[in-house]
1. May I ask you to verify whether B:V242 is buried (at least 20 other Cβ atoms within 10 Å of the Cβ), farther than 27 Å from A:S18 by Cα, aliphatic (A, V, I, L, M) and modelled with pLDDT of 95 or more?
2. Go through the residues of the stretch A:140-151 one by one and say whether even a single one is within 12 Å of chain B (Cβ to nearest Cβ) and surrounded by 15 or more Cβ atoms within 10 Å (Cβ to Cβ).
3. So, in the stretch B:140-172, how many residues would count as being over 12 Å from the mean Cα position of the chain (by Cα) and not in a loop (DSSP other than H, G, I, E, B)?
4. Only one of B:R63, B:R95 is under 24 Å from B:A12 (Cβ atoms), of a type outside the set (S, T, N, Q) and over 18 Å from the mean Cα position of the chain (by Cα). Can you tell me which?
5. Name every residue in the stretch A:44-72 that is of a type in the set (A, V, I, L, M), within 21 Å of B:A200 (Cβ to Cβ) and surrounded by fewer than 17 Cβ atoms within 10 Å (Cβ to Cβ), in order of residue number.
6. Of the conditions (1) of a type outside the set (D, E, K, R); (2) within 12 Å of another protein chain (Cβ to nearest Cβ); (3) out of contact with any Pro (no Cβ under 9 Å at 6 or more places or on another chain); (4) without any contact (Cβ under 8 Å) to a residue 12 or more places away in the chain, B:Q35 fails just one. Which one is it?
7. Looking at the stretch B:9-31, which of the residues that are facing chain A (nearest Cβ under 9 Å) and touching a residue at least 40 places away in the same chain (Cβ under 8 Å) is nearest to the chain's Cα centre (by Cα)?
2 protein chains.
Amino acid sequence: MLDYALLAALAAVVRTGSFERAAQQLHVTPSAVSQRVKLLEERLGTILVVRGAPCTGTAAGRRLCQHVERVALLERELQADLPGTPESAPPVTLRIAANADSLATWLIGAMAEAGDCLFDLVLDDQDHSADWLRRGDVLAAVTGSAKAVQGCDSVPLGALRYVATASPAFVARWFPAGLDEAALARAPRLTFNSKDRLQALWTRQAIGSDVTAPTHWLPSSQAFVDAALAGLGWGMNPEMLVADHLRSGRLVALAPDLPLDVPLHWQRSRMASSTLAAVTRAVVARARATLRQD
Amino acid sequence: MLDYALLAALAAVVRTGSFERAAQQLHVTPSAVSQRVKLLEERLGTILVVRGAPCTGTAAGRRLCQHVERVALLERELQADLPGTPESAPPVTLRIAANADSLATWLIGAMAEAGDCLFDLVLDDQDHSADWLRRGDVLAAVTGSAKAVQGCDSVPLGALRYVATASPAFVARWFPAGLDEAALARAPRLTFNSKDRLQALWTRQAIGSDVTAPTHWLPSSQAFVDAALAGLGWGMNPEMLVADHLRSGRLVALAPDLPLDVPLHWQRSRMASSTLAAVTRAVVARARATLRQD
């Protein structure tokens, strides 16, 4: 078997980002942590931690951390079955990937209903969050991809509805004659990051083809809403985040009849874990109560 | 001089994340874009783009993109001075780094007042955002560091006030006897990412030393507030984001007399640019109107 004292040191360094904080967490000295990680690196013949501020795991290091988390999950279930096992460990941490707009709308509610486990949320675009699962970096993901990743189950959650929104002043300035290709090519857009295709997808729906347009890059769901309110650009905002603003008229839909529905799926590792099963139940229940079901 | 047609192709690929979208932006074929980037890589003898989904720049590629942006900024000023120069280019994009909590509170207001330039926002912790400036990846940064990066000016902006907040039910469950070391070691915290030291800093202020505690990892300012409301954990939230919740009693301060003030600074490249000067004026004015001034 692997040496779990060494692995615990590695996991603490990667999670906290520093040898000092890992030492504090493990109640040992930083030099003990450093020796354990070095020993593990020597035994495995590969670098596991990129020393920096913060320290991060190499691909091999992250893979080992993920193994440690899975073992911790299994240990927790063992404790539930064998109440005699030594004192209760700290609550287990579930690493999951999700798109930022799910975190900004419905996911926190599911996390609050999932019981006492801790969450380590990794944000990525819904078209890329399944990659984290594929690489083994997370145990579950909210993703746009229905096709189950190998070793995972996939459950449809419903669709997150997006509305192309801007401030009334923005619409008056940039779309005085309505939505046409020339206006869409001039009006500043909001784009979350280079993975964000939603504005392009919607433009294609609206006028048949996407156009190149000036854009702000704003990697935050709430900043998207705030920037639309401030008149910086138009962007695809989750209906749930802008419903009040649309009702009050602080934001308007560029085309009220043309929402964009993005189907989401929950993919989870098939490893037997009652914690993961409880989180899955909470996520599916919350999603089905808040997302659009056909 | 460098070949700016090649550089423009590189910049478009890195910005849009794909050769196809870069081609669309430049009104050429994807294979033309690919040839230009390859030619540039051959001439410079180094890989500039990591081909992937999305495509990203290597360190050398990103450095060249930053050069292209600076030249675009200078060209725009030239156009202002020489109205006879050929048709107006698209608005210039300013890449700046900021902490997520600034973006969530006061920065959008400054961006809206800065005129017609476009923003490419990079988010990083206030203790790390100056690194982006140091590496030349951004032209300006909202940072916790007062000491001017080489080639940059530093202006104090005031302090962002944080309050340690949780839901009343969370406080009743985890802090029934008030804040002490044992309770702080058991109560789940919220942590933004491994760079986030605010909860540790505040704990040290509150009880004299930090303690190891279970934590959720949530890389979003709004998710921090939502998770506190949902009772998932306590965390340091910007007072501006939680003032309404504190007034209504949906959130409570763990220690109302113990806020944490984080001084912020604006650091900007000293390159002569009227766009950067206008953004600086807007940022400083907005910060001084919203952040705490001594």
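1. The answer is yes for B:V242.
2. No.
3. 20
4. Among B:R63, B:R95, only B:R63 is under 24 Å from B:A12 (Cβ atoms), of a type outside the set (S, T, N, Q) and over 18 Å from the mean Cα position of the chain (by Cα).
5. Once the filter is applied, which keeps residues that are of a type in the set (A, V, I, L, M), within 21 Å of B:A200 (Cβ to Cβ) and surrounded by fewer than 17 Cβ atoms within 10 Å (Cβ to Cβ), the stretch A:44-72 yields only A:A53.
6. (2)
7. B:R15
Here's the yes/no breakdown for (1) out of contact with any Asp or Glu (no Cβ under 7 Å at 6 or more places or on another chain); (2) assigned to a strand (DSSP E or B); (3) more than 9 Å from chain B (Cβ to nearest Cβ); (4) aliphatic (A, V, I, L, M):
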residue: A:L73; (1), (2), (3), (4): yes, no, yes, yes
residue: A:E77; (1), (2), (3), (4): yes, no, yes, no
residue: A:P91; (1), (2), (3), (4): no, no, no, no
residue: A:A97; (1), (2), (3), (4): no, yes, yes, yes
residue: A:S102; (1), (2), (3), (4): yes, no, yes, no
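The values are calculated or read from the model by the stated rules, or taken from the named source; none is laboratory data. Computed from a predicted structure; not experimentally measured. Every residue, glycine as well, gets a Cβ built from its backbone with ideal geometry; the counts of neighbours run over all protein chains shown.
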